[in-house]
Amino acid sequence: MDRCAHTGTPAGDHIDLAPLDEVLERHADDPGALIQVLQETQAIYGYLPKKTLRTISRARRVPFAHVYGVATFYSQFHLRPRGDKLIRICHGTACHVRGAPEVTRAVVEELGVRVGETTEDLAFTVESVACVGCCGLAPVMVVDSQTHGQLDVVHTRRIVAALREDSVQPKDESE
Ligand code: FES
């Protein structure tokens, strides 16, 4: 069964709603706390499974369309599982003209996903972002908080292959 890389929670509809019930109970008397409820729900499950949105809608007596609308309006919320590592490829102007499209192609080919998607093993999510603020290093991609700059296709493939290798290594139990 697929599991959320962050929480170990099973993906899809087979999720334990008990922690969400606790969140809903804590905010039951605050009608303005929808965003906070969504934030806490995402902190628990790593994303916002549809089932949690339905549960929130019922418990707070708010139309599902409203809950869904809020969850999709803010970029901080994710409706699909996220990978253990987040690869953000900069598509600001400087990066774009210096090769972001080629970098992107190298990443998606190495990982077998499209931009905006997560690998099946939940190891990586690939995103396209606007300027990350280090245009002098263009083209740039950021893996979690680590910035890789002056990329070309070969370098990019090497980085992603190393990350991939790392993600399949069994974790050292003594760590
Ligand atoms: S455009 Fe990519 S870092 Fe600024």
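The values are calculated or read from the model by the stated rules, or taken from the named source; none is laboratory data. The model shown is predicted, which means the values in this text are computed figures rather than measured ones. Every residue, glycine among them, receives a Cβ derived from its backbone with ideal geometry; neighbour counts consider all protein chains shown.
Please state which one of Pro81, Pro139 is modelled with pLDDT under 95 and outside any strand (DSSP E or B). Quick ask: steps written out before the conclusion?
Working: Pro139 fails: modelled with pLDDT under 95.
Being modelled with pLDDT under 95 and outside any strand (DSSP E or B) holds for just one of Pro81, Pro139, which is Pro81.
Would you check if Ser128 is assigned by TED's automatic domain parsing to the domain that holds Ala28 and either free of Cβ contacts under 8 Å to residues at least 60 places away in the same chain or of a type in the set (Val, Ile, Thr) (or both)?
Working: assigned by TED's automatic domain parsing to the domain that holds Ala28: no; either free of Cβ contacts under 8 Å to residues at least 60 places away in the same chain or of a type in the set (Val, Ile, Thr) (or both): yes.
Considered against the rule, which asks whether it is assigned by TED's automatic domain parsing to the domain that holds Ala28 and either free of Cβ contacts under 8 Å to residues at least 60 places away in the same chain or of a type in the set (Val, Ile, Thr) (or both), Ser128 comes out as no.
Which count do you get for residues in segment 49-78 that are within 14 Å of Leu24 (Cβ to Cβ) and assigned to a loop (DSSP other than H, G, I, E, B)?
As a first pass, look at segment 49-78 and keep what is within 14 Å of Leu24 (Cβ to Cβ): 51-62, 67.
From the residues that got through so far, the ones that are assigned to a loop (DSSP other than H, G, I, E, B) too are 61-62.
Of the residues in that region, 2 qualify.
Condition test on Gly92, is it surrounded by fewer than 17 Cβ atoms within 10 Å (Cβ to Cβ) and within 16 Å of the ligand (Cβ to nearest atom)?
Working: surrounded by fewer than 17 Cβ atoms within 10 Å (Cβ to Cβ): no; within 16 Å of the ligand (Cβ to nearest atom): yes.
Spelling it out, it is not the case that Gly92 is surrounded by fewer than 17 Cβ atoms within 10 Å (Cβ to Cβ) and within 16 Å of the ligand (Cβ to nearest atom).
Is there a residue being more than 25 Å from Tyr47 (Cα to Cα) and within 11 Å of the ligand (Cβ to nearest atom) anywhere in segment 100-120?
Yes, the conditions are met somewhere in segment 100-120.
Sort out which residues of segment 130-154 are within 16 Å of Pro101 (Cβ to Cβ) and surrounded by 15 or more Cβ atoms within 10 Å (Cβ to Cβ), and write them in order of number.
Within segment 130-154, Cys131, Ala138, Pro139, Val140, Met141, Leu151 meet the criteria.
If Ala43 passes every condition in (1) of a type in the set (A, V, I, L, M, F, W, C); (2) surrounded by fewer than 17 Cβ atoms within 10 Å (Cβ to Cβ); (3) at pLDDT 95 or above but one, which one does it miss?
(3) is the only condition that Ala43 fails.
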